[in-house]
Amino acid sequence: MAGEVDAVVVGAGFGGMYMLYKLREAGFSVQGFEAGDGVGGTWYWNRYPGARCDVPSLFYSYTWSEELQKEWRWTEKYAAQPEILTYANHVADRFDLRPMIAFETRVLSAHFDEAADRWRVTTDRGDELMARFVVMATGCLSTPRKPPIPGVDDFAGPTYHTGAWPHEGVDFTGQRVAVIGTGSSGIQSIPQIARQADHVTVFQRTANYSVPANNTPLTDKDIEDFWKMYPGYIAMIKGPGLGFGGNPANALAATPEERRQRFEEFWGVGGAGFLAAWGGIITDLDLNTEAADFVREKIGETVKDPDTAEALKPYDHPIGTKRICVDIDYFETYNRPNVTLVNLKETPIEAIEAHAVRTSDATYEADALVFATGFDAMTGTLLAIDIRGAGGATLKHAWAEGPKAYLGLAVAGLPNLFIVTGPGSPSVLSNMINSIEQHVEWIVDCLGYMREHGFTRIAADAQTQEEWVAHVRRVADKTLFPRAASWYMGANIPGKPRVFMPYIGSGYRKKCADVAAAGYEGFELAKEPADVHAA
Ligand code: N01
């Protein structure tokens, strides 16, 4: 493919699909590229057993088409991956998005041609396309990562990564399976694998907090109730933007019994909402410790073997500072006779061998190996593309000390390039669908404004970007988040700069709207390559 379009959109997950739709509706010519052979992004790749949404599905749906909302019927409170992928396919068909997407095509580079104010985009299929704008809808968790364990490629049997699971599924019947990693993906898949396999050995480096999903089928009454509160929900998500944190005053004014009572109530409801039992869990260490103690108690009550229970209790980070997990029968699974927990804090993995995982004190034979070891989050996928902006400046260089993006939407030095839910925006600590919609709408409005006013170039101002990045850090530093070695901090990748990446302050949407209303304050706009002026 060659030629020119107004915009290239990279990725056909929920961000890319809506971006393509909105750009087409606004009259822009657009080409999408997607590495997979279908739409759905994270829900296309993460097909591991037990993969399921941890946001209630009624709220994990696009809101931009009320007809779509009304005609789609989720079957469970937390939909499983196949149902979410079916939804993504339904959207692609209903809105005729597929003709705009080149599937099984990976974007390799995007170089900005300053003389033409256009990007030259190339792919692994030899495409070379010119585009005024590039939108990276590449997802926050889309580069799966295998850890650099000695012998990692020496295993003789099949190996799988939860983030790139075979489409045809995996039958573990009769097998001894080793699972490395106990984040959300491990916690969701281990119970399912244990039901099928002969034996499962779980290699846990960091114990994790997990709350039962208490998943249920969705009833007509649930749907009716949803529609009753829908206007309020829409008003909330279109409002100024909620922050992440909250004030512990109410919790601290309550008695310990009252606090516990509320933890019980929220535990009973289930899901990540447990962290909202009291405002301030994520900012006040004493309150956080009470919540963490409560979860540790629950683990102790559930897991019968006391040593296993103790090993499963997280002590090394405040609750919520790593993504809280939502599970179905996770801790119960350790009561099965065919499941063994290996605590890597006591006996670290030394090597992977042809038929086993060897730790400092034992060798665990395995027929199959599952890596539930996460992603190079938020930056890995973008940095894998050779992105060169004005003056040949590379994204790699710009982000050498950690990701910097104004509002998480644009990077100084990379004109006319936008990121959907990039670092410095609420992204992974918000409902992703809501945040995607807000970014897509902001970007399309921006392109419309430029078209209307004859601008051909927009770039984030470097100083304004620095101030935003500092603000993002200051807000995070007021919470307990930086205390965890989490992927939010880049801590899961050796050598990755430790920067807290999502924005957790309040008023984010209002800030974006104010920036736009002021003629894109903090951005430089130009009509000709030579005519750059601050907005
Ligand atoms: O990945 P993770 P994930 N040796 O990075 C361990 C979203 N998601 O795929 O913590 C041994 O959280 C690592 O140990 P440690 C969600 O946002 C959502 O599970 O680094 N172990 C950890 O236990 C989530 O947060 C859903 O000490 C090693 C695990 O691997 C994000 O995706 C479902 C290791 C990685 O956990 C990522 O989740 C699934 C090593 N060398 C995912 N290296 C929903 O429910 C790493 N580990 C919607």
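The values are calculated or read from the model by the stated rules, or taken from the named source; none is laboratory data. What you see is a predicted model, and the numbers here were worked out from it, not measured in a lab. For neighbour counting, all protein chains shown are included, and Cβ atoms are generated from backbone atoms with ideal geometry for every residue, glycine included. Ligands, DNA and RNA are stripped out before the accessible areas are found, and what is left, the full protein with its side chains, is counted by its heavy atoms. Shrake-Rupley method; radii C 1.70, N 1.55, O 1.52, S 1.80 Å.
Given Cα pairs under 8 Å that are at least 6 residues apart, what percent is the relative contact order of the chain? Mind dumping the intermediate values first?
On the way: 1112 pairs, mean separation 102.8, N = 535.
Over the chain, the number comes to 19 percent.
Taking N as the number of residues in the chain, what value does Rg over Cα atoms divided by 2.2 N^0.38 Å take?
Numbers: Rg = 23.5 Å, N = 535, 2.2 N^0.38 = 23.9 Å.
Ratio of Cα Rg to 2.2 N^0.38 Å: 0.98.
Which percent, nearest 5, of DSSP beta bridges in segment 99-227 are antiparallel? Intermediate values should be presented prior to the final figure.
Values: 11 of 16 bridges.
That works out to approximately 70 percent antiparallel.
For segment 284-424, what is the per residue volume of the convex hull drawn over the alpha-carbon atoms, in cubic angstrom? It would help to have the intermediate numbers written out before the result.
On the way: hull volume 26.3 nm³, N = 141.
Residue-normalised Cα hull volume stands at 186 Å³.
Compute the length gained on full extension between GLN196 and THR122: take 0.36 nm times their separation in residues and subtract their Cα-Cα distance, giving the result in nm to one decimal.
Numbers: separation 74, 0.36 × 74 = 26.64 nm, distance 4.36 nm.
Difference between extended and current length: 22.3 nm.
With the radius of gyration and the Kirkwood radius both derived from the Cα set of segment 172-308, what is their ratio Rg to Rh? Kindly include the intermediate steps, with their values, before the conclusion.
Values: Rg = 18.8 Å, Rh = 18.0 Å.
Over the Cα atoms of segment 172-308, Rg/Rh equals 1.04.
Taking R0 as 30 Å, what FRET efficiency do you get between ASP37 and ALA2 from their Cβ-Cβ distance, rounded to the nearest 0.05?
Values: r = 22 Å, r/R0 = 0.75.
Plugging the Cβ-Cβ distance into 1/(1 + (r/R0)^6) gives 0.85.
Let me check I have the definition right: for segment 390-483, take the eigenvalues of the Cα gyration tensor, multiply each by 5, take square roots. What are those semi-axes in whole Å, largest first? Provide the component values of the computation, followed by the final result.
Numbers: eigenvalues 115, 66, 23 Å².
Values for segment 390-483, descending: 24, 18, 11 Å.
Could you tell me the extents of segment 1-70's C-alpha atoms along the three principal axes, largest first, rounded to whole Å?
43, 29, 13
Going 7 Å from the Cα of GLU264 in the Cα-to-Cβ direction, what parts of segment 208-238 have a backbone nitrogen less than 18 Å from that spot?
212
Please work out the FRET efficiency for the pair ALA393 and ALA26, using the Cβ-Cβ distance as r and a Förster radius of 30 Å; give the result to the nearest 0.05.
Working: r = 29 Å, r/R0 = 0.97.
Using R0 = 30 Å, I get an efficiency of 0.55.
Between the alpha-carbon centers of segment 448-519 and segment 347-368, tell me the distance in whole angstrom.
Each part reduced to its Cα centre gives a spacing of 42 Å.
Normalised by the number of residues in segment 287-414, what is the relative contact order in percent for Cα pairs under 8 Å and 6+ residues apart? Write down the numbers at each step before the final one.
Details: 86 pairs, mean separation 15.0, N = 128.
Relative contact order, segment 287-414: 12 percent.
Need the list of lysines near LYS70 for cross-linking: C-alpha distance under 24 angstrom, and skip anything on the same chain fewer than eight residues off.
Within the straight-line cut-off, LYS70 pairs with LYS22, LYS221, LYS228, LYS238.
Alpha carbon centre of segment 119-150 versus segment 155-232: separation in Å?
Rounded to whole Å, the Cα centres lie 27 Å apart.
Which value, in Å², gives the accessible area per residue of the chain when a 1.4 Å probe is used on the protein heavy atoms? Walk me through the intermediate numbers first.
On the way: 21490 Å² over 535 residues.
Per residue, the chain has 40 Å² of solvent-accessible surface.
For segment 67-138, build the charge dipole from Cβ charges (+1 Lys, Arg; -1 Asp, Glu) around the Cα centre, then report which of THR123, LEU97, THR86 sits farthest towards its positive end.
Sorting the options by dipole projection puts first THR86.
Starting from 0.36 nm per residue, how many nanometres of slack lie between GLU452 and GLU528 once their C-alpha separation is accounted for?
Full-extension gain reported as 25.9 nm.
Would you mind checking segment 415-451 for residues with the amide N under 14 Å from a putative spin-label position 7 Å along Cα→C-beta of TYR233?
431-435
As an exercise, use a Förster radius of 30 Å and the Cβ-Cβ distance of GLU76 and ASP171 to find the FRET efficiency, rounded to the nearest 0.05.
Working: r = 24 Å, r/R0 = 0.80.
So, using R0 = 30 Å, E works out to roughly 0.80.
Name the long-range amide H neighbours of HIS199: under 5 Å, sequence gap of 5 or more, or other chain; modelled H, no Pro or chain starts.
GLN175, ARG176, VAL177
Stretch GLU297-PHE59 to full length: gain in nm at 0.36 nm per residue minus the Cα-Cα span?
Numbers: separation 238, 0.36 × 238 = 85.68 nm, distance 3.04 nm.
82.6 nm is the gain from fully extending GLU297 to PHE59.
Hey, how many Å between the Cα centroid of segment 243-300 and the Cα centroid of segment 1-44?
Rounded to whole Å, the Cα centres lie 41 Å apart.
Tell me the relative contact order for segment 90-153 as a rounded percent, counting alpha carbon contacts under 8 Å between residues six or more apart. Show your work: numbers first, answer last.
On the way: 54 pairs, mean separation 11.7, N = 64.
Contact order relative to length: 18 percent.
Mind listing the phi-derived Karplus ³J(HN,Hα) values for segment 340-353, rounded to whole Hz, using 6.51, -1.76 and 1.60 with θ = phi - 60°, and x for any glycine or proline?
Running phi through 6.51 cos²θ - 1.76 cosθ + 1.60 with θ = phi - 60° gives 10, 9, 10, 8, 6, 5, 8, 10, x, 5, 9, 6, 9, 10 Hz.
Along the Cα→Cβ direction, 7 angstrom out, place labels at ALA400 and GLN69. What is the inter-label distance in nm?
4.7
Under a plain spin-label model, where a point goes 7 Å from the Cα along Cα-to-Cβ, how far apart in nm are HIS355 and ALA517?
Modelled inter-label distance: 7.0 nm.
For the residue pair HIS471 and ASP96, what label-to-label distance in nm results when each label sits 7 Å from Cα along the Cα-to-beta-carbon direction?
Taking the simple label geometry, HIS471 and ASP96 are separated by 4.1 nm.
Quick check on my link table: of LYS313/LYS510; LYS146/LYS322; LYS298/LYS345; LYS77/LYS313; LYS146/LYS313, which ones sit more than 30 Å apart, alpha carbon to alpha carbon?
On the way: LYS313/LYS510 40 Å; LYS146/LYS322 19 Å; LYS298/LYS345 22 Å; LYS77/LYS313 27 Å; LYS146/LYS313 25 Å.
Correct reply: LYS313/LYS510.
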